[in-house]
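None of the figures in this text is laboratory data; all of them are computed from the coordinates on show. Small disclaimer: the values here were computed from a predicted structure and weren't measured. Backbone-built Cβ (ideal geometry, glycine too); neighbour counts: all protein chains shown.
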């Protein structure tokens, strides 16, 4: 019997609540906002939240993966910017598919550089990714002459398709039909959201169900043990950085394509949210603990929070403050939880019982 | 019963520790001089790049002034890095709030304004120190959250407006002239504050009991705790020290900008940690010194200065013709980023060669 399983009903329910804390936080935000914010609980607004969360989701998945492997990647934001800029800049020459492929490949190249510097040159990942963030961001500023790159010929066709309903005219709601079913079809199941959700599902399957995915947890949990058990530590670290920057660049390209413009601010603005969401989602800075689903749920929760505050008429400043406060409260809670749990484990009632039984 | 005769010869004792002797002379030289090699190289390149301008008093003074504020911040950040807590990401928020509070307090007089600004910054530092030092929260995440809260708070209180000092009052006029006030006929105040901060930081870090406990705490937290050092207080204090230097820099920067606003100080956290790490202080903690950090600050100043003076004359290579090339801000940042990674890489390589890599 594990110490966790023992204890009162209260302790067991606390454990259960702790396990699902991100979901509870998300539900609480939706509940409170739905109750107090006007126009929050409407299908169109929910679609906005899904769309907003999807913007940073690929980069958040990448950031989670690198954190799981016990490293830090500050350059996910600049990879997003690079993806968006390259896909817009190259589309006239290469077409959308070619430009998207080059953008993702450029992201992978950035990740490869990060990974090689961290694993082979053994430089701290905080330093390396801080440096590449600076280099890539400024390179993109030169590429775009310090401004934004619009879609070729101001063409919004692709942008409309990415944000339109995926199922086509067959299931399209009739005019005047504005219920939840219609909203699902027209607003939520867009190609843009599909891609984000598919990425999330793929990351979840790989991390949970494949030996390669479990390797990332092993590596982050204890690098030495991972090496002893024959894991290619350098390979995993390089892989984590390549995937992280690659999916971030891909995500940035998707954002740029659906907004029909590549902008310098995308990555800069997203980095703060991404870090906050991944940490709130329960991924540990020490590595080896966390999940991409947690990050995604936390991202939705944070987006819902800012969206609800917008509905209440609060400005950007209250948004900034409240997401900072939520992050601060969550990590304070984690520290208190750790303390309580250690004390609880220190009592070891079950161990005591076993000892007395063996003596008597 | 007699002892059996010893038939095995005793093997030679292993060296006292497993470290390789620092036999590589190149690496040894690198370790001692560190970033000052880069500084010397830049001094050598400078006159080649611009014979007329580089070695003039005006140019070197402006190079120094451009990094004085970042240097002041770096002196405080050095303590956090030394204690193995990376960096305080709430520095931009601390700089902004101390500037805003100083401008607000101008109605109580100039001295009160300075004190209020420093106190506001220090208050944030105390909170950070309590939470990171005593509750042991991750410094990067906690200070990131604080930065976000501070930035929102300042915008919210002043509803997005900027705060201008009133130059009709004497205190306001003094505040506006603080950054450019004439000492020995030159606007030297930021540079003097930097030198004072550097000397104070050097004495505190290398010549006091606190500095010694900090070194042990940064090198090995658990060993320091077990040997009775009040590790929580030692770590907490580093955040207070850093917040005071950031507040001083924030007040000066607000005086330079002539406006108190939320965006004052943006980017100073990363710039300062760049200088600290460039100066040979590793993120693994307990290694490096203030003189090195000062070298890092000077290196960044000279690097920016040399690059902005650089003019590559028009070239004709075969069929290609290049116009005059100058290095713009974006390129300067790219080169700085590359040099940053390179220098830290060489530093960690030399530590590894000497068998002293503990990161």
Candidates A:300, A:206, A:247, ranked by Gaussian network fluctuation over chain A, Cα under 10 Å, top entry = A:206
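When the Cα atoms of the range B:114-234 are enclosed in a convex hull and the volume is divided per residue, what value in Å³ results?
147
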Share of alpha-carbon pairs per 10 Å distance bin for the range A:83-127, given as whole % | 29, 34, 23, 14, 0
Length-normalised contact order for chain A - Cα pairs under 8 Å, 6+ apart - percent | 33
Chain A: most fluctuating residue of A:128, A:118, A:32 per GNM, C-alpha cutoff 10 Å = A:32
Can you put B:258, B:215 in order of Cβ neighbours within 10 angstrom, beginning with the fewest?
-> B:258, B:215
With no solvent term and unit scatterers on the alpha-carbon positions of the protein assembly as shown, Debye gives log₁₀ I(q)/I(0) at q = 0.06, 0.07, 0.08 Å⁻¹ of -0.41, -0.55, -0.72
Any idea what angle helix A:21-36 forms with the longest principal axis of chain A, computed on alpha-carbon atoms, 0 to 90 degrees, nearest 10?
-> 60
Note on the range B:68-291: contact order normalised by length, alpha-carbon pairs under 8 Å, 6 or more apart, percent, works out to 44
Working from Cα positions, state the angle (0 to 90°, nearest 10) between the long axis of helix A:349-359 and the longest principal axis of chain A.
-> 30
Would you mind ranking B:281, B:205 by Cβ crowding within 10 Å, fewest neighbours first?
-> B:205, B:281
Tell me, what does the Kirkwood hydrodynamic radius of the range B:68-291 come to in angstroms if you use every pair of distinct C-alpha atoms?
-> 17.5
Of A:298, A:256, A:28, the most mobile residue in a GNM of chain A (C-alpha springs, cutoff 10 Å) is A:28
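Tell me, A:214, A:342 in order of fewest to most beta-carbon neighbours within 10 Å? If you can, show how the numbers build up before the last one.
Values: A:214 14, A:342 9.
Fewest to most other Cβ atoms nearby, the residues stand as A:342, A:214.
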Based on the Cα atoms of the range A:9-359, what semi-axes does the equivalent ellipsoid have, where each is the square root of 5 times one gyration tensor eigenvalue, given in whole Å with the largest first?
-> 36, 29, 18
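Per residue of B:267-276, count partner chain C-beta atoms within 10 Å of its C-beta, then hand back the mean as an integer.
Working: counts 0, 0, 0, 4, 0, 0, 3, 4, 0, 0.
For peptide B:267-276, the averaged partner shielding equals 1.
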